[in-house]
Ligand SMILES: Nc1ncnc2c1ncn2[C@@H]1O[C@H](COP(=O)(O)OP(=O)(O)OP(=O)(O)O)[C@@H](O)[C@H]1O
């Protein structure tokens, strides 16, 4: 068992991550890269998402909240192509992406973090990074392997490796590059998940409860990285149950209730909104 796994205190090291090369950062120009319009999805008799309409402004950390069963996960799955909507549209960077496959949507720069799959637990952090799905846009890192151009392939691998280390350093997990993913603590896994997502050169990241099971010091570190990336122009949509965390970190909050947007606004607006309080208490709105 690794030192980092057995001793969570090692996660409390000081902040100060390496700067990341923004030349491969987001290149979106849309003011509202993500637009969701009239999204609806039913499962048998249950309408999970019922006409959700909202948009996310570029370069913001926007929170998507709502009581249990409000439709947050289903909305995420509809946006990222894991589910197809019954009606409604999802637009990303001014392109209609409704009904596209998850990998096509990821290739467009809209990426969600994924838990480290079981089969990746027996691989090191570095191997996990090397196996992360690569972005095809601009073919920056991962052009197809053409027979007879060995030099070019080696060059691309070196380029990828350089980028991998850059991202590992940014998330301050370069020192555990040789550690097996299965030995990581909950928080370190989350950092690796986000590092893998960043390697795909996204414009926008969808984070579904990224702080679940994360100790407070690593939570702070994750948040620091998210804010740094946001300042570099990345856009975030965050589903999170911890209301204090949402209120302290998001500049805009969208409240889902019974599959549709109940209200949205600044954290201060949301905190004092009677309808929101009632929705969370289970009252009728
Ligand atoms: N695959 C499915 N089949 C049947 N019902 C589903 C399915 N997925 C979601 N639902 C139902 O749709 C509604 C919305 O669920 P969803 O998971 O999207 O809400 P949520 O806001 O993410 O909830 P939570 O905060 O509890 O995770 C719930 O009533 C849920 O039971």
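The values are calculated or read from the model by the stated rules, or taken from the named source; none is laboratory data. Predicted model, so just to flag it, every value in this text is computed and none were measured. Positions of Cβ are generated from backbone atoms using ideal geometry, with glycine treated the same way; all protein chains shown enter the neighbour counts.
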- Query: What are the residues in segment 33-51 that are crowded, with 17+ Cβ neighbours inside 10 Å and either without any contact (Cβ under 8 Å) to a residue 40 or more places away in the chain or outside any strand (DSSP E or B) (or both), if any?
  - Reply: 33
- Looking only at segment 205-224, decide whether some residue is away from the ligand (no atom under 16 Å from the Cβ), buried (at least 23 other Cβ atoms within 10 Å of the Cβ) and either under 21 Å from residue 36 (Cβ atoms) or without any contact (Cβ under 8 Å) to a residue 12 or more places away in the chain (or both). yes
- Message: Can you tell me how many residues within segment 107-121 are touching a residue at least 24 places away in the same chain (Cβ under 8 Å) and under 19 Å from residue 190 (Cβ atoms)?
- Response: 8
- State whether the residues of segment 52-59 include one that is surrounded by fewer than 21 Cβ atoms within 10 Å (Cβ to Cβ), more than 26 Å from residue 270 (Cα to Cα) and modelled with pLDDT of 95 or more. no
- Message: Name the residue that is farthest from the ligand (Cβ to nearest atom), counting only residues in segment 259-285 that are in contact (Cβ under 8 Å) with a residue 24 or more places away in the chain and part of a loop (DSSP other than H, G, I, E, B).
- Response: 285
- Note on the structure: Reported set for segment 72-124 where residues are in contact with a helix residue (DSSP H, G or I) (Cβ under 9 Å, 6 or more places away or on another chain), assigned to a loop (DSSP other than H, G, I, E, B) and on the phi > 0 side of the Ramachandran plot is 81, 109
- Query: Hey, residue 96 hits all of (1) surrounded by fewer than 21 Cβ atoms within 10 Å (Cβ to Cβ); (2) at pLDDT below 95; (3) closer than 27 Å to residue 257 by Cβ but one; which does it fall short on?
  - Reply: (2)
- Scan of segment 51-71 for residues that are within 14 Å of residue 258 (Cβ to Cβ) and near the ligand (Cβ under 10 Å from one of its atoms), ordered by number: 65, 66, 67, 68, 69, 70, 71
- Message: Can you list residue pairs whose Cβ atoms sit under 7 Å apart, with the first residue in segment 65-78 being over 12 Å from residue 282 (Cβ atoms) and the second being in a helix (DSSP H, G or I) and within 6 Å of the ligand (Cβ to nearest atom)? Count only pairs 6 or more apart in sequence or on different chains.
- Response: 66/72
- Task: Considering only segment 167-188, state which residues are in a helix (DSSP H, G or I) and buried (at least 19 other Cβ atoms within 10 Å of the Cβ).
- Result: 167, 168, 170, 176, 181, 187, 188
- Task: Return the only residue of 111, 90 being surrounded by 20 or more Cβ atoms within 10 Å (Cβ to Cβ) and within 16 Å of the ligand (Cβ to nearest atom).
- Result: 90
- Message: Looking for something in a helix (DSSP H, G or I), under 14 Å from residue 194 (Cβ atoms) and away from the ligand (no atom under 16 Å from the Cβ) - is there at least one such residue anywhere in segment 229-242?
- Response: yes
- Query: Somewhere in segment 246-258, is a residue within 12 Å of the ligand (Cβ to nearest atom) and over 20 Å from the mean Cα position of the chain (by Cα)?
  - Reply: yes
